[in-house]
Amino acid sequence: MNISTILDMAAEAFGDRIGVVSGDSRYTYAELRAAAVNAAAAIRASGAKYVALLDVNSPAAPVAIYAAAYANVPYVPLNYRLTAPEINELIERVAPAYLVTSADYVKLITPRADVQVVDRAAFLSLPATSEEPTPADDPRAVAVQLFTSGTTGKPKAAILRHENLSSYIFGTVEFAAADENDAIIVTVPPYHIAGISAVLSSTYACRRMVQLEGFDAKAWLAACREHQVSNAFLVPTMLQRVVDHLHDSGEPANLPALRALAYGGGKMPLTTIQKAMALLPEVDFTNAYGLTETSSTIAVLGPEDHRAAASSEDPAVRRRLGSVGKPGAVEIEIRSDEGKVLGPEEAGLVFVRGPQVSGEYLALGSQLDNDGWFPTKDRGYLDAEGYLFLDGRADDVIVRGGENISPGEIEDVLLGHPAVADVAVVAMPDEQWGEGVAAAVVLKPGSAAEVAELQELVKASLRSSRVPQKIVFKDALPYNELGKVLRRVIRQEFV
Amino acid sequence: MAKTVLKAGGRFKSAVCDTQVMVIKAPAGEYALSCGGADMIAPTATGGGTLDPAQAGETLIGKRYVNADESLELLCTKGGKGSLALDGVALEIKQAKQLPSSD
């Protein structure tokens with residue numbers, strides 16, 4: 001079940017089809033395979049135990065993924081937005097390594113004897129080899145190692161085995177499902193699980209990948225038009241920027257080729273998805289929920305669910321626009337803090353089980369329980385029909401006097417105030433209750449709101465225990481590059 | 001028919017046509033896996049013999065093939081003229097669980 005089989009099959013069936021478009025370069029699947037096979041020979045000759053990538057999106061990313069698989073070593077994409085000391089610490093953890101990078105990032109790397117640094121252009125023009133690769137048959141071999149963001153300490157190394165990734169791809173993607181003219185635009189960085197699954201599923205579907213180095217709403221719209229993009233994946237912040245750009249510029253969307261737009265990687269504000277659906281009524285929207293440790297997507301809210309929710313009078317159906325949908329090729333259950341399996345509408349911890357779930361970190365080992373369930377550390381509940389609603393990270397829950405309070409429900413109420421543009425609710429230390437509720441609020445330009453009226457709004461909509469005891473106004477909230485709000489930074493405000 | 005142990009991740013090719021498969025899942029024990037009427041062989045082995053016209057129903061790249069209780073599942077990684085069988089019983093195409101494209 002080696003993932004290199006995915007590229008073998010695409011090259012076998014559609015070798016002449018364009019697989020990757022990046023700026024002026026084009027790679028057919030046959031060329032992509034040749035580049036990966038040549039790179040695998042160089043990697044094997046180097047004696048490296050890992051193939052690392054420190055770079056933005058380029059053809060080197062898919063080539064490195066498959067070359068590592070052909071060479072039987074794990075692929076480790078590194079976050080190029082980290083500081084130089086952080087990057088070098090991660091490099092030390094994967095040495096001896098074969099490290100692919102480009103001029104912008106090579107200067108961050110401290111040279112060391114056991115790391116062979118290779119420029120992207122050189123990596124993509126290695127001499128041809130006549131040697132056919134012999135990827136291992138062992139389905140337990142590690143295909144990808146991803147470092148987590150390490151918010152609470154040293155980054156953990158999540159491990160995805162060939163069997164995890166291949167069961168995700170073979171179980172959810174139909175081989176060669178794409179038409180000759182289909183194209184997907186890839187804007188998530190290579191070090192994100194969504195960036196890796198986009199490469200694997202697009203190759204297996206034989207769908208052309210259009211790569212953008214970074215995200216910008218205007219450039220994204222232009223690339224979609226130029227390459228007649230049919231499929232796209234965006235994190236919520238990116239979709240928000242596309243919606244804002246279209247709204248502010250008055251520019252018509254003009255994306256006749258776009259059929260499917262998937263989003264995930266964070267909480268989607270209800271207003272953003274509603275606006276996006278109104279701006280792009282012909283587009284099929286899919287909400288994809290997944291984690292690094294689950295080889296990407298585990299639940300999807302499909303296009304029909306979106307349309308049914310948006311047009312329904314039934315509140316139970318309407319609210320599904322805020323759901324992440326139903327389990328894909330996995331099982332999902334909700335458990336209480338004590339481990340009891342909960343029924344519909346009962347909020348608790350989200351657990352997932354299935355062949356694509358790795359739930360494993362290097363050194364720490366498997367986090368699966370005896371029955372194979374992985375604790376996602378997300379909180380949520382299922383409705384009577386099995387739609388999953390998420391309610392924030394377990395770590396973000398505010399425990400006030402023994403009562404669990406989810407920041408999400410308070411944020412939703414505050415976002416309903418006409419003057420509020422953005423908000424994050426976090427825990428603050430409280431002598432009486434252990435933890436109290438605090439909020440950082442960003443007001444819309446030219447709008448005003450008093451602390452007291454915001455507190456009153458929460459009290460009237462929820463109950464008094466949910467009322468933020470402290471509210472600060474900010475110009476903007478801190479986000480990471482993928483649009484996740486940095487709660488730990490906001491919490492510092494209230495210490 | 002020679003019997004062999006089938007393991008997930010294992011690869012086989014047809015001795016009499018272009019078909020190649022990868023084992024997705026397999027039951028414990030030894031089985032005779034054939035394509036085009038001849039035992040399937042290791043990917044590096046050399047084939048020979050002729051395709052049995054009665055076993056020439058074609059195997060399609062990208063399709064998954066299962067036995068009746070779906071305890072065996074093969075993925076065709078290269079198509080060919082022969083049809084697949086386990087202990088002489090023809091394998092059937094399994095429909096993929098279609099999900100909306102999410103990435």
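The values are calculated or read from the model by the stated rules, or taken from the named source; none is laboratory data. A quick note: this is a predicted structure, and the numbers were derived from the prediction, not measured. Don't worry about glycine lacking a Cβ; one is built from the backbone with ideal geometry, like all the others, and counts go over all protein chains shown. These accessible areas exclude ligands, DNA and RNA; they are computed on the full protein's heavy atoms, side chains included. Shrake-Rupley method; radii C 1.70, N 1.55, O 1.52, S 1.80 Å.
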Would it be correct to say that A:LEU239 is without any contact (Cβ under 8 Å) to a residue 60 or more places away in the chain, under 21 Å from A:ALA288 (Cα atoms) and within 17 Å of the chain's Cα centre (by Cα)? yes
Scan segment A:279-287 and give yes if some residue there is hydroxyl-bearing (Ser, Thr, Tyr) and surrounded by fewer than 23 Cβ atoms within 10 Å (Cβ to Cβ), otherwise no. no
Taking the residues in segment B:57-83 that are among the small types (Gly, Ala, Ser) and open to solvent by 50 Å² or more (accessible area, probe 1.4 Å) as candidates, determine which candidate is farthest from A:ALA11 (Cα to Cα). B:ALA68
Among A:ALA260, A:ALA316, A:ALA309, the single one that is away from chain B (no Cβ under 11 Å), buried (at least 18 other Cβ atoms within 10 Å of the Cβ) and small (Gly, Ala, Ser) is A:ALA309
Listed residues A:GLU12, A:GLU92; which is within 14 Å of another protein chain (Cβ to nearest Cβ), open to solvent by 30 Å² or more (accessible area, probe 1.4 Å) and acidic (Asp, Glu)? A:GLU12
How many residues of segment A:441-485 are hydrophobic (A, V, I, L, M, F, W, C) and touching a residue at least 60 places away in the same chain (Cβ under 8 Å)? The answer is 2
If you scan segment A:220-257, which residues turn out to be within 17 Å of A:MET268 (Cβ to Cβ) and hydroxyl-bearing (Ser, Thr, Tyr)? A:THR237
Is it the case that some residue within segment A:111-131 is in contact with a helix residue (DSSP H, G or I) (Cβ under 7 Å, 6 or more places away or on another chain), open to solvent by less than 40 Å² (accessible area, probe 1.4 Å), modelled with pLDDT under 95 and more than 10 Å from every other protein chain (Cβ to nearest Cβ)? no
Considering only residues that are in a loop (DSSP other than H, G, I, E, B) and without any contact (Cβ under 8 Å) to a residue 40 or more places away in the chain, which ones fall in segment B:4-23? B:LYS7, B:ALA8, B:GLY9, B:GLY10, B:ALA15
Leading residue by the ranking (surrounded by the most Cβ atoms within 10 Å (Cβ to Cβ)) among those in segment A:211-255 that are of a type in the set (D, E, K, R) and assigned to a helix (DSSP H, G or I): A:ARG241
Condition first: part of a helix (DSSP H, G or I) and among the small types (Gly, Ala, Ser). Can you find one or more residues in segment A:15-29 that meet it? no
Those helices (runs of 4 or more DSSP H) lying entirely in segment A:258-323 with at least 3 residues under 17 Å from A:LEU234 (Cα atoms) and of a type outside the set (Val, Ile, Thr): A:270-279
Tally, over segment A:375-416, of residues that are surrounded by 15 or more Cβ atoms within 10 Å (Cβ to Cβ), part of a loop (DSSP other than H, G, I, E, B) and out of contact with any helix residue (DSSP H, G or I) (no Cβ under 6 Å at 6 or more places or on another chain): 3
Filtered residues of segment B:2-26 (kept if among the aliphatic types (A, V, I, L, M), more than 13 Å from chain A (Cβ to nearest Cβ) and within 12 Å of B:GLY80 (Cβ to Cβ)): B:ALA15, B:VAL16
